[in-house]
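The values are calculated or read from the model by the stated rules, or taken from the named source; none is laboratory data. Since the model is a prediction, treat every value here as computed from it, not as a measurement. Using ideal geometry, Cβ is built from the backbone for each residue, glycine included, and neighbour counts are taken over all protein chains shown.
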Amino acid sequence: MGSELVKVKSGIDLAAYLLLPILMLLCVFMLFPVCRIFLMSFFDPGFTTHHYAEIFQGDVYLQVFLRTSIVALLVSVCCLILGYPVAYLLADVPPKTARILLILVILPMWIGILVRTYAWMVLLGRHGFLNKTLMYFDLIAEPIKVLFTSKAVVLAMVQILLPLMILPLYANMKGIDRNLLKASRILGAGAWRTFFHVFLPLSSPGIMAGFTLVFIISIGFFITPALVGGRKDIMIAMLIESQITRLLNWGFAAALALILMIVTLLILWGFNRFIGIDKLISSMNPR
Amino acid sequence: MKKKSGKLNRIAFIIGIFFILGLSCLSEATEKKIVWNSSGGIVEKVAQKVFAEPFEKETGIKVIFTAPVNFAKLKAMSESGNIEWDITELRPEDMIRGMQRKYLDPIDYAIVDQSDFLPGTAHSHGVPAAFYSCVIGYNTDKFPTGNHPKSWKDFWDAKRFPGPRSLPNYPWTLEIALLADGVPPEKLYPLDEKRAWASLDKIKPHVSKWWTMPAEPAQLLTDKEVYLVAAYNGRIAGIQKEGVPVAIEWNQQIFLLAYNSVVKGAKNKDGAMKFLAFMYRPELQAAWVKSIPYPGPSKSMFKYLTPELAKTLPTYPEYYKTSVHRNPEYWAQHEERLMKEWHAWMLK
């Protein structure tokens, strides 16, 4: 017993050493720049809070923060709802079929974001495929307006980011021991109960990974909303970009970026609480 | 044996050091090169052939191209003291800001001859690199030429010219709004902002897309997503050549330009001035516009051009007469505030 403990302990030590390079990399390229951005937002050149006062004055920036968060949340939830069954299927079919399906999932990622965004413009436009088809079948008399609205933004972003949801979910589900499901059925649970009480909790790390990935990328999205969105679809990344490259107001851009980071962390923390991963994991290992 | 090879190694090492030193000396011969930061792409290709190659032949100074034009990079360079560019292209507002922040050196007009320039276009800290303009582009199937919007006032008139439109998603659209409301071009500045916002409110429901990237309005016209745009002349000319039924109305073109400026602390300032002087020879300026529809400030260049080509340029005398000029000082001062108000208006 004692020797086993020592073994485990030294194993942890070794793992810690192996983490050292990535920790150093993160310190230099992540922690240091974040600290600099933090300082930049408060010193201009003397100590000042006027960048933050400017953000909370009037409602332009707050409104944009709110819109950005809502779009990112909506995109992440849609990706989850659409991606979960796909990942389930991928993990369930024979490996040969899974390989082909997986290629189909990854394939769109080889095409540039700009090209995929333009493809949506062709599909959704006034004379686009969607409107032409609907009008051909006499379902509508006038073209409906989808392009240059928030609907188009969410639709295009979901399509672009979907693979990033499916892949972590698939990796997680592949590791779930299917015998547990059988055991649940044998013990008398129905299909739904087995799913909600056994499979779903076991897949929650995958959900969290996929959701985090999609959410973080979509909250900084830029080109797609600018191209397919309407006039109200302003994302915070657009404002940060114009502050940096056009107006050279780096202190203000830093303040916006820092608040964006805090908002992102808060929302992810909230999601974590909502899904309750800690609870689920502890229920998995009652000891 | 071992000793001998050691000695040989040492000799090889020393030769190597001298070789490397020699190479770095060669590449450090800065008076034999200048670095020109421009827009890159096709612009760079043409500039290489038209300006850089003959310049190197005449003076022995090689022109190195970098891209893209990025004011933030100029700021970073100037603040760190590591100046990589000799000449950089800049938007007028940025040139003014760069001058105020002391990132730029004044142009030596004893070397650069400005007598052939369009009057009033030479600036103390920048030579006009290229003129372009924001024009009315229209679908000729929907509005046959002759019966098309001939001014910004017509552009605003959704009763006479119905159909979706596209305008720039930038606060300088306020200029267009004022012209549309009947403000004469010479009385545009300082902008009557209240009147401009009110005028924008009128066109808002008819604008289906506020564009951010210059390529967008051309694409929107091609897809018949909109029938009327305010866009850069080169973009409309581009799709016109591809056979899209569009045309340009030059009246009240918003006349725009980019400057070439010399960066303070440039490694080869003399070479940079010499190159600027060389570039503005009329025959070279004429050769330039044969490939790029954005002309320089040369007046006498037109005698080297066919009338057909001349009529595609924003500096064509007849178009130039009715053009509207932006005030870069005003924008350098107010852009930040107006940008915020612009976003607020967009969200309304």
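Data overview
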| quantity | calculated |
| --- | --- |
| Answer residue from the stretch B:218-242, given it is free of Cβ contacts under 8 Å to residues at least 12 places away in the same chain and under 20 Å from A:GLY128 (Cα atoms) and is surrounded by the fewest Cβ atoms within 10 Å (Cβ to Cβ) among those | B:ASP223 |
| Meets criteria (in contact with a Gly (Cβ under 7 Å, 6 or more places away or on another chain) and away from every other protein chain (no Cβ under 12 Å)) for A:SER76 | no |
| Check on A:PHE129, at positive phi and either of a type in the set (Asp, Glu) or within 14 Å of another protein chain (Cβ to nearest Cβ) (or both) | no |
| Top-ranked residue of the stretch B:46-67 - restricted to ones that are assigned to a helix (DSSP H, G or I) and under 16 Å from the mean Cα position of the chain (by Cα), ranked as farthest from the other protein chains (Cβ to nearest Cβ) | B:VAL46 |
| Hits in the stretch B:68-97 - residues which are facing another protein chain (nearest Cβ under 10 Å) and either closer than 18 Å to B:LYS269 by Cα or buried (at least 24 other Cβ atoms within 10 Å of the Cβ) (or both) | B:LEU74, B:ASP94 |
| Residue identified as surrounded by 17 or more Cβ atoms within 10 Å (Cβ to Cβ), charged (D, E, K, R) and modelled with pLDDT of 95 or more among B:LYS209, B:LYS204 | B:LYS209 |
| Listing of helices (runs of 4 or more DSSP H) fully contained in the stretch A:19-95 that carry 1 or more residues being within 24 Å of the chain's Cα centre (by Cα) and surrounded by fewer than 14 Cβ atoms within 10 Å (Cβ to Cβ) | A:32-42, A:60-92 |
| Selected residue (only one of A:ILE216, A:ILE207 is assigned to a helix (DSSP H, G or I) and either closer than 22 Å to A:ILE111 by Cα or in contact with an Asp or Glu (Cβ under 8 Å, 6 or more places away or on another chain) (or both)) | A:ILE216 |
| Checking A:MET173 against (1) over 19 Å from the mean Cα position of the chain (by Cα); (2) among the aliphatic types (A, V, I, L, M); (3) more than 14 Å from chain B (Cβ to nearest Cβ); (4) in a helix (DSSP H, G or I), the condition it does not meet | (1) |
| Selection status of B:LYS290, over 30 Å from B:LYS204 (Cβ atoms) and without any contact (Cβ under 8 Å) to a residue 60 or more places away in the chain | yes |
| Set B:GLU308, B:GLU329, B:GLU283: member being over 21 Å from B:TYR259 (Cα atoms) and assigned to a helix (DSSP H, G or I) | B:GLU308 |
| Options B:ALA198, B:ALA215; residue that is within 12 Å of chain A (Cβ to nearest Cβ) and surrounded by fewer than 18 Cβ atoms within 10 Å (Cβ to Cβ) | B:ALA215 |
| Candidate set: the stretch A:109-118, residues that are away from every other protein chain (no Cβ under 12 Å) and exposed (fewer than 15 other Cβ atoms within 10 Å of the Cβ); chosen: the one farthest from A:GLY230 (Cα to Cα) | A:TRP110 |
| Any helices (runs of 4 or more DSSP H) falling wholly within the stretch B:115-225 and containing at least 1 residues that are hydroxyl-bearing (Ser, Thr, Tyr) | B:173-180, B:193-203, B:216-222 |
